[in-house]
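Below: one structure, written as structure tokens.
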Amino acid sequence: MPRPCALCATARAVLKRPKTGQQICKDCFYAVFETEIHNTIIDNALFKRGQKVAIAASGGKDSTVLAHVMTTLNDRYDYGLDLFLLSVDEGITGYRDDSLETVKRNEQQYGIPLKIVSYQELYGWSMDAIVKEVGMKNNCTFCGVFRRQALDRGAVLLNVDHIVTGHNADDIAETVLMNILRGDFSRLQRCTSISTATDETIPRSKPFKYTYEKEIVMYAYFKKLDYFSTECIYSPNAYRGYARAFLKDLESIRPSAIIDIIHSGEHFETPQPKLGEKKEGGGEAVIRSCERCGYMASNKLCKACVLLEGLNRGLPRLGIGVEGKIRRQHEGKSEDIGRTIQHFSELAVTRTLTPNLVTSTTAS
Amino acid sequence: MRATKVGVGKKVLVGFSGGLSSRVLLHHICAFHAVDPRKNRKFSGLTICHVDQRAIVGGENHTETLRSIVESYGHSLAVIPLEDIFGDDSRTFVQTQSGNEDTLSLHVKGVTSSAGSKVEKLQRCFTSIGKLSSKEDLLHYLTMQLLYETARSTQCSAVILGDNSTRVAIRVMTQISKGRGFSMPLDVASESTWLPDLMLLRPLRDVDSKEIALCNQYENLKSVHVPNLTTGMPVKSSIDRLTEDFITGLQRDFPSTVSTVARTAFKTPTRWNAEGVERCALCNGPIPPDAINWRSRHTVSSFSTSTTTSTTSPPPTDATCSTDCGITGSCCSPTPTSSDPFDLALHLCYGCQNFIRDARDEAELVKKRGGEVVPVTLPGYVGETVDKARGREWMRKEIGEFLVEDDE
């Protein structure tokens with residue numbers, strides 16, 4: 001006996017919704033899925049009319065669906081946004097080069113211009129080269145720090161007002177759990193906020209904050225979106241794995257657990273200090289600009305510059321251990337810090353000098 | 001203990017389950033309270049209270065053992081059976097409408113009936129909730145409610161609990177996973193002042209379960225094994241059980257887990273003490289300000305409610321109402337009381353709303369199997385909070401036009 005859809009009661013139910021357990025039809029699924037994201041965007045007033053928005057695209061399921069949904073919603077609800085795809089090429093053979101092909105196909109499908117920034121180009125090091133230097137341990141630190149900055153630099157080059165990323169509800173719930181387990185109190189207070197914005201950087205937000213990973217896969221499956229699904233070859237992160245496994249078990253006991261965790265996490269939020277402002281309680285940390293590259297930093301140098309200096313001087317542990325200690329240990333060695341990252345303020349100049357930068361990459 | 005903010009000369013209640021932690025607690029509280037000519041006693045008296053959960057959990061009868069333990073310190077033990085949460089003739093709340101697919105609402109009506117014994121009522125209450133995770137929560141909150149009631153009836157001004165740090169860490173993770181993060185600071189506080197008349201103390205919250213076990217051994221303390229709902233069940237049978245397994249497992253590999261989790265929780269604030277935060281009718285915790293609409297915005301489960309902000313449909317009432325007053329329930333009576341049907345969901349915190357969903361899912365499952373659906377049955381104390389909240393709501397409406405409100 002075919003079951004009717006729990007929502008429209010006319011069509012035949014073809015799927016069981018992971019978030020609620022309701023048995024619904026394909027069209028109703030698209031409708032609720034897109035409506036929830038639309039609600040998230042509207043409730044949080046993520047965008048303003050006429051803004052240029054970059055979609056951080058890796059070619060994986062989240063960003064592929066994000067690109068699709070953003071184009072759909074932008075048309076349907078007339079957000080009036082100018083969309084771009086922004087990809088970071090870490091330089092990981094057998095992983096990123098393949099997934100970038102997917103992004104290039106997305107560019108064709110949705111007619112959104114694409115910009116790729118590469119580690120090689122920005123820092124002079126690809127991830128493959130970094131792993132050769134530092135080994136399999138800690139390489140995610142480099143990748144994470146570099147990517148954060150690469151995205152911001154790419155956004156400046158594209159001259160966009162906003163970046164959206166494909167972080168989904170599972171990722172956020174997992175981060176809440178991780179921060180509790182690691183005792184990272186300050187991150188716990190900001191990990192659930194939907195967008196991060198300081199005066200200095202371009203705001204970033206996560207429209208998929210309340211969207212289940214399983215539903216994203218389901219959406220891609222039914223919409224026949226093609227994406228690249230391989231784990232990063234350098235990725236084993238044991239401790240995060242525990243949190244992930246725990247979250248999956250929770251979800252199997254009570255499907256709403258993921259969203260419940262986010263609800264809990266939102267109540268731990270506190271307003272974050274702005275640039276130059278001191279933290280409440282008289283803490284030392286102040287957001288300032290990096291002396292070398294102009295990127296925002298909590299110390300004299302930003303993390304990327306320290307890591308890069310370590311790589312160039314052959315001291316890859318420089319940014320990972322206690323910086324001062326390692327610097328003292330290696331006193332007297334070559335002080336040549338090698339190539340530095342282009343200063344942030346020069347980026348805008350680059351943009352005006354080569355106005356056809358976007359189109360030239362698009363053509364390739 | 002000496003430093004607690006509980007006033008000198010007040011009575012306190014000690015929760016005593018008979019397990020390892022509360023056994024150590026009892027030992028030390030009694031030692032602290034013992035007569036010593038050199039110093040004054042801090043508390044004027046102790047009530048030692050054991051809530052007997054056998055009607056739900058089963059297991060052996062330890063009452064006599066516990067009684068003899070307590071008596072060896074020269075105190076007497078008050079044993080309260082869990083079914084006492086349903087008073088002899090007092091009201092129970094029974095579901096009036098079967099749950100409805102698209103909104104999380106539960107219309108209940110206060111009835112005064114003597115049908116069925118207290119144990120039967122209690123068992124119906126647990127059956128109707130369905131899922132084990134919810135039952136565990138319910139068991140905890142009913143037990144706590146009984147401790148509060150006993151404390152009030154014996155004029156105690158504080159309740160002392162034996163939660164150890166391992167228990168606290170597990171609790172932090174379960175509370176977060178159940179969407180109860182808003183009240184988490186209260187669940188882990190060493191001195192919680194949320195309830196206006198009772199302070200909650202957790203003197204053992206910095207001692208972990210291994211230390212408790214050692215303490216029991218060195219002091220030669222006798223304790224009993226207290227089973228819970230998932231004793232002997234698979235790991236994935238409930239959220240509490242899974243979390244316990246997860247935290248103890250991690251603690252084995254990373255010995256700092258428990259203290260890290262507990263310490264992080266201690267210093268994480270939420271806005272539970274902001275003005276206008278209401279008390280949940282079921283768990284007595286604070287209701288987060290967005291409890292009602294948050295879920296429907298982020299989990300669109302029906303098209304009709306996705307656009308409106310108020311998801312409550314007025315329950316059927318006999319009283320005809322001439323003015324559209326917007327109060328759910330019967331508005332024509334001068335003060336609405338909980339004997340009229342009302343939507344309980346409005347008076348529950350986000351975490352307790354999960355009960356409603358679990359009960360609804362259970363009812364559907366039973367219906368599909370062709371069984372008889374047990375309507376949700378809840379004890380009478382639920383009504384007190386609701387009455388108070390609705391009374392205030394009504395008062396506010398009455399004087400509404402005379403209140404000066406800021407535009408912001």
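For the stretch A:1-57, which positions are in contact with a Cys (Cβ under 7 Å, 6 or more places away or on another chain) and among the charged types (D, E, K, R)?
A:R12
It is to be established whether one or more residues within the stretch A:161-169 are over 15 Å from A:V117 (Cα atoms) and in a helix (DSSP H, G or I).
Checking the stretch A:161-169: at least one residue is over 15 Å from A:V117 (Cα atoms) and in a helix (DSSP H, G or I).
Take A:E213 and tell me if it is among the acidic types (D, E), within 20 Å of the chain's Cα centre (by Cα) and more than 14 Å from every other protein chain (Cβ to nearest Cβ).
Details: among the acidic types (D, E): yes; within 20 Å of the chain's Cα centre (by Cα): yes; more than 14 Å from every other protein chain (Cβ to nearest Cβ): yes.
Against the criterion (among the acidic types (D, E), within 20 Å of the chain's Cα centre (by Cα) and more than 14 Å from every other protein chain (Cβ to nearest Cβ)), A:E213 qualifies.
Based on what the data block shows, is A:L86 more than 14 Å from chain B (Cβ to nearest Cβ) and assigned to a loop (DSSP other than H, G, I, E, B)?
Judged against the criteria, A:L86 is not a match.
Quick one: which of B:R205, B:R152, B:R180 is in contact with a helix residue (DSSP H, G or I) (Cβ under 8 Å, 6 or more places away or on another chain) and more than 14 Å from every other protein chain (Cβ to nearest Cβ)?
That would be B:R205, the only listed residue that is in contact with a helix residue (DSSP H, G or I) (Cβ under 8 Å, 6 or more places away or on another chain) and more than 14 Å from every other protein chain (Cβ to nearest Cβ).
Report yes if some residue within the stretch B:235-246 is aromatic (F, W, Y) and more than 14 Å from chain A (Cβ to nearest Cβ); otherwise report no.
No, every residue in the stretch B:235-246 fails to be aromatic (F, W, Y) and more than 14 Å from chain A (Cβ to nearest Cβ).
Can we say B:T193 is surrounded by fewer than 23 Cβ atoms within 10 Å (Cβ to Cβ), within 12 Å of chain A (Cβ to nearest Cβ) and polar (S, T, N, Q)?
For B:T193, the condition - surrounded by fewer than 23 Cβ atoms within 10 Å (Cβ to Cβ), within 12 Å of chain A (Cβ to nearest Cβ) and polar (S, T, N, Q) - is not met.
Would you check if there is a residue in the stretch A:58-79 being away from chain B (no Cβ under 14 Å), of a type in the set (A, V, I, L, M, F, W, C), assigned to a loop (DSSP other than H, G, I, E, B) and over 19 Å from A:R17 (Cα atoms)?
no
Is there a residue being surrounded by 14 or more Cβ atoms within 10 Å (Cβ to Cβ), farther than 21 Å from A:H263 by Cα and more than 8 Å from chain A (Cβ to nearest Cβ) anywhere in the stretch B:257-270?
Among the residues of the stretch B:257-270, at least one is surrounded by 14 or more Cβ atoms within 10 Å (Cβ to Cβ), farther than 21 Å from A:H263 by Cα and more than 8 Å from chain A (Cβ to nearest Cβ), which makes the answer yes.
Taking the stretch A:220-247 as the search range and keeping residues that are within 14 Å of chain B (Cβ to nearest Cβ) and either surrounded by 15 or more Cβ atoms within 10 Å (Cβ to Cβ) or out of contact with any helix residue (DSSP H, G or I) (no Cβ under 9 Å at 6 or more places or on another chain) (or both), which one is modelled with the lowest pLDDT?
A:A238
Could you grab the pairs with beta carbons closer than 6 Å, sequence gap of 6+ or different chains, first residue in the stretch A:144-169 and touching a residue at least 12 places away in the same chain (Cβ under 8 Å), second one among the hydroxyl-bearing types (S, T, Y) and crowded, with 22+ Cβ neighbours inside 10 Å?
Close Cβ pairs (under 6 Å, with a partner that is among the hydroxyl-bearing types (S, T, Y) and crowded, with 22+ Cβ neighbours inside 10 Å) amount to A:F146/A:Y119; A:V164/A:S205; A:G166/A:S63; A:N168/A:T211; A:A169/A:Y210; A:A169/A:T211; A:A169/A:Y212.
Out of B:V366, B:V376, I need the residue that is under 28 Å from B:T174 (Cβ atoms) and either within 23 Å of the chain's Cα centre (by Cα) or within 14 Å of chain A (Cβ to nearest Cβ) (or both). Which one?
Sole residue among the options that is under 28 Å from B:T174 (Cβ atoms) and either within 23 Å of the chain's Cα centre (by Cα) or within 14 Å of chain A (Cβ to nearest Cβ) (or both): B:V376.
Answer yes or no as to whether A:V103 is modelled with pLDDT under 90, of a type in the set (A, V, I, L, M, F, W, C), in the same structural domain as A:I216 (by TED's automatic domain parsing) and in contact with a Pro (Cβ under 7 Å, 6 or more places away or on another chain).
No; evaluated as a whole, the condition is false for this residue.
Does A:F33 qualify as being crowded, with 18+ Cβ neighbours inside 10 Å, of a type in the set (F, W, Y), within 11 Å of another protein chain (Cβ to nearest Cβ) and touching a residue at least 24 places away in the same chain (Cβ under 8 Å)? Let's see the steps before the verdict.
Working: crowded, with 18+ Cβ neighbours inside 10 Å: yes; of a type in the set (F, W, Y): yes; within 11 Å of another protein chain (Cβ to nearest Cβ): yes; touching a residue at least 24 places away in the same chain (Cβ under 8 Å): yes.
Yes; evaluated as a whole, the condition is true for this residue.
Restricting attention to the stretch A:183-194, report how many residues are at the interface with chain B (Cβ under 7 Å from one of its Cβ atoms) and either within 17 Å of A:I259 (Cα to Cα) or of a type in the set (K, R) (or both).
Of the stretch A:183-194, the ones at the interface with chain B (Cβ under 7 Å from one of its Cβ atoms) are A:183, A:185, A:188.
Filter again for either within 17 Å of A:I259 (Cα to Cα) or of a type in the set (K, R) (or both), leaving A:188.
Total satisfying the criteria: 1.
Suppose we filter the stretch A:113-137 for residues that are more than 19 Å from A:D152 (Cα to Cα) and either crowded, with 16+ Cβ neighbours inside 10 Å or not assigned by TED's automatic domain parsing to the domain that holds A:I163 (or both); how many remain?
So the count comes out to 4.
Only one of these conditions is not met by B:I292: (1) crowded, with 18+ Cβ neighbours inside 10 Å; (2) free of Cβ contacts under 8 Å to residues at least 12 places away in the same chain. Which number is it?
Status for B:I292: all satisfied but (2).
State all residues of the stretch A:159-182 that are facing chain B (nearest Cβ under 9 Å) and of a type in the set (S, T, N, Q); if no residue qualifies, say none.
A:N179
Within the stretch B:271-294, which residues are in a helix (DSSP H, G or I), within 12 Å of chain A (Cβ to nearest Cβ) and either touching an Asp or Glu at 6+ places or on another chain (Cβ under 8 Å) or hydrophobic (A, V, I, L, M, F, W, C) (or both)?
Matches in the stretch B:271-294: B:A291, B:W294.
Which of the residues belonging to the stretch B:145-167 are surrounded by fewer than 18 Cβ atoms within 10 Å (Cβ to Cβ) and in contact (Cβ under 8 Å) with a residue 24 or more places away in the chain?
B:E149, B:R152, B:T154, B:Q155
The values are calculated or read from the model by the stated rules, or taken from the named source; none is laboratory data. Nothing here was measured: the structure is a model prediction, and the numbers come from that model. When we count neighbours, we look across all protein chains shown, and the Cβ atoms used for this are built from the backbone with ideal geometry, even at glycine.
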